[in-house]
Amino acid sequence: MELPLQPFETLKAAGELPSPKGAALTIMRLCQRDDFSMAQLAVAIKTDPAFVGRLVKAANTVGRQGGRPVASVEGALQVLGISTVRALALGFSLVSSYRQGNCSHFDYEAFWSRSLVTGLALQALVRKLGCCSAEEAFCIGLLSRVGQLALATVYGERYSPIIDQARDEGQLREQERQAFALDHDDLTAVLLLDWGFPEMLVEPLYFSRRAHDSGFSEGSRGLGLMRLMRVADTVAAAALAEGAERSWRIERVYDLGQQLGLTDAVLGSLLEEVLRDWSEWGDMLAVRTAAPMRFLPPARSQENGLVQLVLADAGERERLREILLRQHYEVLELGDAGQAGVSGTDSLLGLALEVIPRILIVDARLEPGGYDWLKTLRDTRQGREIFVVVMVAPGEAEREIAALEAGADEVLHLGAPERSIAARLLAARRVVRMQQELELDREEIRSFAAELAVANRRLHEVARTDVLTGFYNRRYAMERFQHEWDASRRSERPLACMMIDLDNFKLVNDRYGHDVGDRLLVRVAEVVRENLRSADVTCRIGGDEFLIICPDTEPLALRHCAERLLEAVRGIRLETPLGSLGASLSIGIAVRQAGMRSLDHLLKAADESMYLAKLAGRDGIGDY
């Protein structure tokens with residue numbers, strides 16, 4: 001993914017690019033610090049009541065499959081995680097701050113409406129099929145066209161005539177590159193990377209609109225994400241389309257869904273959920289949504305799919321359209337070169353990849369020479385699935401041979417009788433159906449492999465996580481600590497740890513019962529999590545014992561962190577049938593010293609420090 005960084009740096013230096021405002025800016029800056037805590041993040045979030053409501057709604061959307069509803073910022077943070085909260089703050093801030101501007105031909109309302117449904121569609125698809133976090137998918141979908149907003153914001157009226165004159169998205173990108181040295185897809189990618197989105201999400205988004213350049217290997221996560229992003233973008237285009245255009249775009253959604261292994265019934269249910277969420281989120285964000293609609297599956301038993309018809313002659317085009325309709329095809333009809341937007345190789349290729357019809361019928365007279373667009377089309381996975389028919393005049397043998405050598409599946413003569421055309425289309429339909437069946441088999445295998453990978457990841461997570469507290473378990477703690485020890489020795493960077501014991505926990509179990517003991521452990525774990533830094537690794541290594549691994553931590557910072565934990569845990573009050581129950585900790589601290597030959601020495605030092613804290617009366621920090 002080669003991006004034009006120099007033009008972006010120039011735009012960034014001007015300080016006019018879209019950027020987060022208010023609480024969102026505070027949240028993003030806080031998340032960049034190494035020493036922030038979840039409690040500090042919650043305080044920053046609570047300064048924006050509107051964002052609090054949106055965050056809690058997002059967390060409850062995640063938990064739809066079951067569990068207790070989220071009702072607090074702290075609960076939402078635990079469900080969503082820091083990176084997702086940061087991305088949501090950015091996205092919602094941009095929605096609120098950039099609802100209008102001075103670019104007269106840029107429809108700000110339609111932009112955010114499409115962006116919202118794209119994010120929701122991608123979230124629903126990812127939740128169904130995997131590949132990444134569903135909440136990250138929502139954020140990347142919401143900002144999937146932010147480059148257009150950026151160009152409209154920075155260039156205003158200079159950008160307006162470019163939008164007005166472009167016949168399609170391919171031409172729009174070309175004119176943007178000529179005017180600004182980058183197009184909106186380039187700018188979207190570099191903005192998302194600059195805001196901290198992972199390249200594993202940005203790269204599939206970037207190539208989802210130029211799939212023939214991606215280079216993703218079959219079965220890779222990048223290819224899977226790219227396909228899901230194309231479907232989400234098609235859903236959004238269909239949601240905002242009207243009349244006949246909406247009908248064929250909806251059918252296109254279902255065609256792409258079949259390629260992903262989704263039945264019409266499953267995809268239809270998923271789309272109903274997307275449209276419902278679109279309306280709810282639209283109300284919450286004050287974003288315009290379309291009138292109530294349904295994405296009904298196409299009547300496949302009566303239709304043979306979409307034919308894209310690009311012919312120069314109006315009479316021949318009308319005749320072929322009638323033949324195709326009688327054969328139960330749906331026809332997307334484009335006229336002469338100017339109307340079709342066909343001005344060269346890239347435009348012909350762009351037309352095919354924008355729609356991806358089952359059959360593409362192209363007039364050879366629109367071909368500028370060499371059939372380079374067709375050769376490039378055949379180099380893409382989607383392009384190989386299109387049955388390409390080239391129409392030539394009778395007697396033009398050289399044109400026929402050139403078309404077939406370039407990758408055409410069939411050559412038909414202009415003016416050929418209907419029976420001949422129908423017979424050739426029947427053969428084309430058989431080939432297309434065989435390709436679809438083969439692709440469905442492949443997708444089923446890939447879907448099974450993806451489900452197996454997800455199951456394996458979940459098993460791996462369960463194997464290294466303590467069920468009660470959600471902290472890492474002893475096995476993972478020792479593996480991770482050894483890794484940090486080795487890294488610390490190689491780089492000569494500091495490494496510290498805390499050994500924590502919950503005071504008098506056996507007495508709590510004996511007097512109040514193990515259920516209350518478990519509740520106390522969970523509450524202590526929550527407080528510990530809220531008061532540690534993002535780089536610290538927290539593990540439960542015994543019944544009431546915790547190990548905190550603290551990379552790059554000097555002695556003074558370690559003691560301050562331990563004191564903060566002590567103070568926070570002292571504030572715990574748990575109501576029980578026998579009265580209010582508090583808690584305290586005995587904490588041992590240790591920092592790697594030059595004389596320590598192995599990890600065991602550091603662990604032993606922390607353990608001895610904790611023992612000294614207990615000897616001193618508990619609820620304190622032992623010397624080391």
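Assorted remarks:
- Inter-label distance, nm, simple model (7 Å from Cα along the C-beta direction), ARG464/SER160: 5.5
- Sorting the segments 88-100, 501-513 by their residues' average number of neighbouring beta-carbon atoms within 10 angstrom, most packed first, yields 88-100, 501-513.
- Each residue, SER104 and ASN504, gets one label point 7 Å from its Cα in the Cβ direction; the gap between the two is 7.7 nm.
- Residues ALA291 and ARG381, FRET efficiency given R0 of 56 Å [Cβ-Cβ distance, rounded to 0.05]: 0.95
- Calculated log₁₀ intensity ratio I(q)/I(0) where the Debye formula runs over C-alpha points of region 173-327, q = 0.08, 0.14 Å⁻¹: -0.33, -0.97
- Computed Kirkwood radius, in angstrom, where 1/r is averaged over Cα pairs of region 19-97: 12.5
- Sequentially through region 518-535, phi angles give Karplus couplings (6.51, -1.76, 1.60; θ = phi - 60°) of 5, 4, 5, 4, 4, 5, 4, 4, 4, 5, 4, 4, 5, 10, 9, 7, 5, 7 Hz, Gly and Pro residues having no value and appearing as x.
- Label-to-label distance, nm, for residues given as GLU322 and HIS601 (7 Å Cα→Cβ offset): 9.4
- Gain in span if fully extended, SER491 to LEU404, counting 0.36 nm per residue against the direct Cα distance: 25.2 nm
- Two-site FRET efficiency, GLU479 against ASP518, from Cβ-Cβ distance with R₀ of 30 Å, rounded to 0.05: 0.70
- Using θ = phi - 60° in the Karplus curve 6.51 cos²θ - 1.76 cosθ + 1.60, the 3J(HN,Hα) couplings for region 547-560 round to 10, 10, 8, 10, x, 6, 10, 7, x, 5, 5, 5, 5, 4 Hz; x is entered for Gly and Pro.
- Nearest-0.05 FRET efficiency for ARG433 and SER534, computed from C-beta distance (R0 56 Å): 0.60
- Averaging 1/r over every pair of different alpha carbons in region 474-621 and inverting the result gives a Kirkwood radius of 15.8 Å.
- Among beta bridges that DSSP assigns inside the chain, antiparallel share in %, nearest 5: 50
- Once the chain from ARG29 to ALA241 is taken as fully extended at 0.36 nm per residue, the excess over their C-alpha distance is 72.4 nm.
None of the figures in this text is laboratory data; all of them are computed from the coordinates on show. Computed from a predicted model, the values in this text were never measured in an experiment. Glycine also receives a Cβ, built like all others from the backbone with ideal geometry; neighbour counts cover every protein chain displayed.
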